[in-house]
Amino acid sequence: MDKYDIVIAGGSISGLLTAREVAKKGYSVLVLEEGFEIGTPDHCGGLVSKTALNDLGINTSEKIYDCAINNASIFSPSGKTLEINSKNQQIISVDRRQLDKQAAYQAQKYGAKIIVNSSYKEKTKEGVSTSIGNIDCKILVDCRGVGALVNNNRNGILLSAQYEVYADWIVNGHVEVYFDQIKYPGFFGWIIPSGNGIGKVGVAGKDINTSKTIEEFLKGKGKYSTIRKIFSPIWINGPIKNFVSKDVVTVGDAAGQSKPTTAGGIYSCGMGGIMAGKAIAKYLETNDDFQLMQYQESWYSKFGKEFEKQQLARKVLQKIDNKTVDKIFDMITPEILSEISSKDDFDFHTASIIKLLGVRKSLAAAQNLMGSEIKRLLVG
């Protein structure tokens with residue numbers, strides 16, 4: 001029977017950064033990726049700040065860098081538009097497949113072993129059962145993604161579709177976001193450029209036919225060619241209760257570490273991997289369970305309050321109708337948009353959401369529209 005200090009189920013950014021941190025300390029690591037390639041299927045929008053990538057130890061090389069995001073247009077159901085200048089936030093669109101491969105290379109460089117087309121089956125007394133046989137290990141790290149959550153809480157799942165397309169209406173550096181509670185209930189549609197004339201177009205929402213919805217969205221934009229289609233569930237209910245259970249550590253999307261507002265998780269899931277890896281390495285060194293529990297404490301210390309506010313913002317979004325969305329757009333002033341544009345808060349963006357939902361000065365009007373959740377957001 002093969003033996004490793006830890007086995008990681010899932011070759012995502014969170015799993016690979018966990019592997020990197022543990023292997024860096026000299027412990028044996030095996031990563032099992034069920035797909036045929038690290039970085040696929042790529043259902044991520046690929047937006048992340050340069051600051052976040054630096055924190056993750058990922059180089060913004062030409063291979064992963066698609067384009068800088070300079071501005072964004074946000075559309076209401078009736079076609080009203082908010083324009084936000086995002087240059088100060090240093091947001092970039094990345095090739096997620098190449099980003100994950102860079103993390104895999106780092107993990108391998110420190111000694112981790114990665115095997116694709118292989119999968120975790122179940123926990124055993126000695127370690128884990130996998131598609132390549134039984135493996136003895138001290139710790140199992142569950143990084144299997146949203147699929148690991150589906151059976152536990154379907155209320156936190158939304159369906160999404162994202163196509164990679166060629167189209168002359170995709171503008172380099174310009175993101176578009178579309179709110180419509182009939183077409184995309186509880187979420188939105190989006191266009192994220194990878195360059196001029198190429199990008200990712202997506203939709204998500206509660207109980208929608210994602211294939212039909214995205215096709216209708218694309219037809220409304222004009223001529224296009226689809227070069228890739230990805231259909232996947234996304235998780236918007238925030239973190240699970242326990243990241244650590246005896247000798248099983250859960251990280252990334254499987255731990256609910258993707259943003260409740262956008263379901264993005266490069267930074268929050270990646271940092272989860274780094275924090276988990278450091279805690280696991282310390283545990284292997286000391287055999288002290290307290291060290292393992294520091295992982296959850298570290299993640300909540302960094303992301304807990306932000307995610308709590310994002311979950312409140314999501315409750316607001318789930319309650320309002322298209323008429324209310326249009327009213328909110330009417331309340332937003334050029335001064336508010338200028339203030340949002342001047343901030344560097346892409347990775348911790350609830351402050352911007354609060355401003356878009358009415359600002360502290362508009363608390364009374366916002367409460368009338370959306371109920372008590374907005375008050376908890378504004379005074380939290």
Taking region 215-246 and the residues there that are touching a residue at least 40 places away in the same chain (Cβ under 8 Å) and on the phi > 0 side of the Ramachandran plot, the one that is farthest from the chain's Cα centre (by Cα) would be Gly222
Out of curiosity, is Gly173 touching a Cys at 6+ places or on another chain (Cβ under 6 Å), on the phi > 0 side of the Ramachandran plot and touching a residue at least 12 places away in the same chain (Cβ under 8 Å)?
-> yes
Across (1) modelled with pLDDT of 95 or more; (2) closer than 30 Å to Ile8 by Cβ, Asp66 clears everything bar (1)
Expected single match for touching a Ser or Thr at 6+ places or on another chain (Cβ under 6 Å) and either surrounded by 15 or more Cβ atoms within 10 Å (Cβ to Cβ) or without any contact (Cβ under 8 Å) to a residue 60 or more places away in the chain (or both) among Ser118, Ser211, Ser129 is Ser118
Quick count over region 8-52, residues being free of Cβ contacts under 8 Å to residues at least 60 places away in the same chain and buried (at least 23 other Cβ atoms within 10 Å of the Cβ), is 0
Restricted to region 247-305 and to residues being farther than 21 Å from Ile6 by Cα and among the aromatic types (Phe, Trp, Tyr), the residue farthest from the chain's Cα centre (by Cα) is Tyr300
Check: Can you find a residue in region 89-105 that is within 21 Å of Val22 (Cβ to Cβ) and of a type in the set (Val, Ile, Thr)?
Finding: no
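The values are calculated or read from the model by the stated rules, or taken from the named source; none is laboratory data. Everything quoted here is computed from the prediction, not taken from an experiment. Backbone-built Cβ (ideal geometry, glycine too); neighbour counts: all protein chains shown.
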